[in-house]
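Visitor: Below you will find the structure I want to go over with you.
Computed from the coordinates by the stated procedures, all read-outs in this text should not be read as laboratory data. Keep in mind that this is a model prediction, so the values were computed, not measured. Don't worry about glycine lacking a Cβ; one is built from the backbone with ideal geometry, like all the others, and counts go over all protein chains shown.
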Amino acid sequence: MRTRVGAVPFTVVSHLLAIAAAFMVLVWCIHFRGGLAFESTNKSLIFNIHPVLMLIGFIILGGEAIISYKAIPLSKEVKKVIHLTLHFIALILGIVGIYAAFKFHNESSIANLYSLHSWLGIGVICLYGIQWIFGFLMFFYPSGVAAIRVQSLPWHVLFGLFVYILALATAILGFMEKLTFLETGGLAKYGTEAFLVNFTAIITILFGGFIVLTAVSPAPVEDDFSYSRI
Ligand code: HEM
Ligand code: HEM
């Protein structure tokens, strides 16, 4: 049933959780881990770019892109541009974030791609790129014929949510990897820092949950959100 407010309350909670998660990952990487740098003799600073860009750049911006259709009271055409632009920025920041993890490994003589986290990470970023290209070609330019667009939209939504949930799971594995894997500077499992990392992961899960909840909830009644106008 569509109500006057629809999914809007969920979008508000999502924004608040996004601010909390972004703040927590920055406090962790800057206050506890010494800051961020692309070039440094202290290689940990290069690594720190990875969680910050993956969480704020990829997960949070990607989530905001998904809920843009429900969160912003603008025309469908404008929302479409916001949706695809935010997803594009998320994709680019995700690629830069992964590059930082490789750079850290290479400059610290640590092997690449040995963990489940890293395998899923490569899968997620590739699927996200494919989803973006298909979305762009089908719904924006040159755009498929109306009948195929309508038929493919539910698949776009389903696959988009699948990739997004996989990205969330990958990020959670990443937090765990950092807490437990000593070769890459694993943290002590007890104490304030470990507490902060665990809570950042919990807030990330809640954020992702509200993004999915928003996507599956009906748009507000006054919106022009309908499959006939894709
Ligand atoms: C969806 C988001 C994420 C993706 C797609 C992703 C992807 C990747 C990839 C592809 C690597 C391999 C780099 C290499 O082999 O040189 C990696 C490494 C790593 N990532 Fe992430 N990451 C994400 C989020 C996070 C987060 C939030 C953390 C939290 C600290 C994290 C921690 C790590 C650690 C510790 C490594 C080095 C160990 C390893 O290769 O498993 N990642 N990540
Ligand atoms: C990796 C990139 C992308 C992901 C993960 C993604 C994901 C999603 C999701 C989950 C929804 C459902 C939102 C909701 O029901 O509230 C959606 C809707 C939509 N997306 Fe994407 N999307 C991506 C890229 C694109 C691109 C590049 C376009 C091109 C314009 C696009 C066009 C659309 C359209 C037209 C809708 C339908 C909105 C409606 O039902 O009115 N998407 N997308």
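Visitor: By how many nm would the segment from residue 145 to residue 107 grow when fully extended, if each residue of separation counts as 0.36 nm and the alpha-carbon distance is taken off?
Guide: 8.7 nm
Visitor: Could you list the GluC sites (Glu not before Pro) in segment 1-95 that lie in coil according to DSSP, counting only those with at most 14 other Cβ atoms within 10 Å of their Cβ?
Guide: Sites meeting the loop and neighbour criteria: 39.
Visitor: Here is a follow-up. Counting only helical runs of four or more DSSP H residues, what would the 222 nm mean residue ellipticity of the chain come to if each run contributes -39,500 (n - 2.57) and the total is spread over all its residues? Spell out each step's value before the answer.
Guide: Numbers: 7 runs with 156 residues, N = 230.
Taken over the chain, the calculation gives -23500 deg cm²/dmol.
Visitor: If exposed means no more than 11 neighbouring beta carbons inside 10 Å and the site is in a DSSP loop, what's the longest run of the chain without any exposed trypsin sites (Lys or Arg not before Pro)?
Guide: That would be 5-188.
Visitor: If R0 is 25 Å, what FRET efficiency do you get for residue 95 and residue 137 from their C-beta distance, rounded to 0.05?
Guide: Working: r = 20 Å, r/R0 = 0.80.
Here the calculated transfer efficiency is 0.80.
Visitor: If you don't mind, there's one more thing I want to ask. State whether segment 1-150 is rounded, prolate or oblate according to the following rule on the C-alpha gyration tensor (a ≥ b ≥ c being the square roots of its eigenvalues): a/c under 1.5 gives rounded; otherwise a/b larger than b/c gives prolate, and the remaining case gives oblate.
Guide: oblate
Visitor: Right, another one. When the chain is fully extended, how far beyond the present Cα-Cα distance does residue 165 get from residue 30, taking 0.36 nm per residue of separation?
Guide: Between residue 165 and residue 30, full extension yields 45.9 nm more.
Visitor: Roughly how far apart, in whole Å, are the Cα centres of segment 20-91 and segment 95-173?
Guide: With segment 20-91 and segment 95-173 each reduced to a Cα centre, they are spaced 14 Å.
Visitor: For residue 103, what charge total do you get from the other residues with a beta carbon under 15 Å from its beta carbon, if Lys and Arg give +1 and Asp and Glu give -1?
Guide: Values: positive: 43; negative: 39, 107.
Every neighbour counted, the sum reads -1.
Visitor: Could you state the angle between the C-alpha long axis of helix 8-26 and the longest principal axis of the C-alpha atoms of the chain, as a value from 0 to 90 degrees rounded to the nearest 10?
Guide: 20 degrees
Visitor: Hey, what angle do you get for helix 76-107 against the long axis of the chain, alpha-carbon based, 0 to 90 degrees rounded to 10?
Guide: 20 degrees
Visitor: Using the Cα centre as the reference, give the magnitude of the dipole from point charges on the C-beta atoms of the chain (Lys, Arg: +1; Asp, Glu: -1; all else neutral), rounded to the nearest 20 debye.
Guide: So the dipole magnitude of the chain works out to roughly 360 debye.
Visitor: May I ask for the longest run of the chain untouched by chymotrypsin sites (Phe, Trp or Tyr not before Pro) that are loop-located per DSSP and have at most 15 neighbouring C-beta atoms (other than their own) within 10 Å? Don't skip to the end; give the middle numbers.
Guide: Details: sites that count: 38, 114, 140, 181, 190.
Here the longest segment lacking exposed loop sites spans 39-113.
Visitor: So for the chain, taking the charge dipole from beta-carbon charges (+1 Lys/Arg, -1 Asp/Glu), which of 86, 212, 146 sits furthest toward the positive end?
Guide: 146
Visitor: By a straight-distance test (C-alpha under 24 Å), which lysines pair with residue 70 as possible cross-link partners, with residues fewer than eight away in the same chain excluded?
Guide: Result set, ordered by chain and number: 79, 80.
Visitor: Which length gain, in nm to one decimal place, applies between residue 12 and residue 116 when the Cα-Cα distance is subtracted from 0.36 nm times their residue separation?
Guide: Computed gain between residue 12 and residue 116 is 34.1 nm.
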